[in-house]
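Participant: First the structure, which I've put down as structure tokens, then a few questions once you've had a look.
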Amino acid sequence: MITFHQVTKRYNSLTAVNNFSLSIAEKEVFGLLGPNGAGKTTLIRILTTLTRPDSGSVLLQGQDMSRELVKAKGQIGVVLQHINLDGELTVWENLELHGRLHKVPTGKRKERIAALLDFCELTERAGERAAVLSGGLKRRLMLARALLHRPSVLLLDEPTVGLDPQARRNIWDLVRKLNYQGLTVFLTTHYIEEAEALCSRVGLINRGELIALGTPGELKENIGKIAVEHLYNGKNSYHFFSNREEATPFVEQMTGKVTIRAVNLEDVFMQLTNRKVGEH
């Protein structure tokens, strides 16, 4: 469905994406996980044709996007991390404007808007200005807008940043439903639990390079199933074991504060980079 082939993008002396290659399958929910500044948003900008790579290529359904810009835009729906709704327009009017820009015929446009308002549970808010909506409702509206022209790929760039836990889980539920209906989803995030909850495969990106790729389970099993956090003299250390039985003798020898828990994707990232996902 989506193929990056040796993509590189530089901004002056900064290499934002470096020789990046990746294939995302049709109907997959793929998550790209990494800290702020790792290159995730640059890849989204390349996919949405807002910027071009300095070298390499991106294929969408086998077609080079640089040669089929208009066609590519019609196949992609985008939800960016920053709210970009027209606050003075109503919920309905935001969707109406998007439909007209994509030249969706009038009858189909009205039918599609009504269906998406129902899907995103926004029907009762259709006449309200976007500016007065809560953060979670604004995200739902952005999702509805991204789906209006029936894209084959949905790009979500940090789609739940700043949302409370309940609003975040509402967005997760909508993403799961969309994928169940056959939509391919490409998600960037630095929320560990988001990647583990939604994605069938995850790529870890650091300083513009893909450093690990696999299912969440495969990536975690590479370092172990049990993590032991040890706080001693003000410093944290992390140790990983195949099971609790293996960890127990090690823990019994320790002084200071000890926490035993399941391994998560941030542990994998830290082992590979010595950085936390939330770092800049």
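Participant: At what distance in nm do the modelled label points of A262 and R100 sit from each other, each positioned 7 Å from its Cα along Cα→Cβ?
Facilitator: 4.9 nm
Participant: Let me ask another. Just subtract the alpha-carbon distance of V161 and A114 from 0.36 nm times their residue separation and send over the number in nm, one decimal.
Facilitator: The V161-A114 span can extend by a further 14.2 nm.
Participant: How long are the three semi-axes of the equivalent ellipsoid for the range 80-210, computed from the Cα gyration tensor as the root of 5 times each eigenvalue, in whole Å, largest first?
Facilitator: 26, 17, 13
Participant: Using the Kirkwood radius built from alpha carbon pairs, what does the Stokes-Einstein equation give as D for the range 33-94 at 20 °C and 1.002 mPa s, in µm² per second?
Facilitator: Rounded, D is 156 µm²/s.
Participant: Please order Y232, Y180 by the number of other Cβ within 10 Å, starting at the fewest.
Facilitator: Ascending Cβ contact count within 10 Å gives the list Y180, Y232.
Participant: Could you pull out the pairs from K73/K220; K73/K177; K9/K73; K108/K177; K73/K108 whose alpha carbons sit more than 28 Å apart here?
Facilitator: K73/K220
Participant: Mind checking the dipole of the chain: about its Cα centre, +1 per Lys or Arg Cβ, -1 per Asp or Glu Cβ, Debye to the nearest 20?
Facilitator: That gives the chain a dipole magnitude of about 820 debye.
Participant: Continuing with the same structure: Each label point is 7 Å from the Cα along the Cα-to-Cβ direction; what then is the distance between the points at N243 and T215, in nm?
Facilitator: So the two model labels end up 2.0 nm from each other.
Participant: For the chain, what is the mean residue ellipticity at 222 nm derived from helices alone (per DSSP H run of n ≥ 4: -39500 (n - 2.57); sum divided by total residues; nearest 500 deg cm²/dmol)?
Facilitator: -10500 deg cm²/dmol
Participant: For the range 120-188, taking Cα atoms only, what is the radius of gyration to one decimal and the Dmax to the nearest whole Å?
Facilitator: Answer for the range 120-188, Rg first and Dmax second: 11.9, 33 Å.
Participant: Could I ask something else about it? Work out the charge dipole of the chain with +1 on the Cβ of Lys and Arg and -1 on the Cβ of Asp and Glu about the Cα centre, then indicate which of L117, V228, I211 is farthest towards its positive end.
Facilitator: Sorting the options by dipole projection puts first L117.
Participant: What nm distance separates the two modelled labels at S57 and S152, each placed 7 Å from Cα along Cα→Cβ?
Facilitator: Taking the simple label geometry, S57 and S152 are separated by 1.7 nm.
Participant: Taking a virtual spin label 7 Å from the Cα of R129 along the C-beta vector, which residues in the range 87-104 bring their backbone nitrogen under 13 Å of it?
Facilitator: From the range 87-104, the list is 87-91.
Participant: If R0 is 41 Å, what FRET efficiency do you get for E121 and Q6 from their C-beta distance, rounded to 0.05?
Facilitator: Efficiency at R0 = 41 Å is approximately 0.45.
Participant: Let me ask another. Can you pull the Kirkwood radius for the chain, inverse mean 1/r over Cα pairs, to one decimal in Å?
Facilitator: 20.4 Å
Every number here is computed from the coordinates shown, using simple stated rules; none is lab data. As the structure is a prediction and not an experimental result, all values here were calculated from the model. Because the Cβ atoms are built from the backbone with ideal geometry, glycine has one as well, and the counts that use them run over all protein chains shown.
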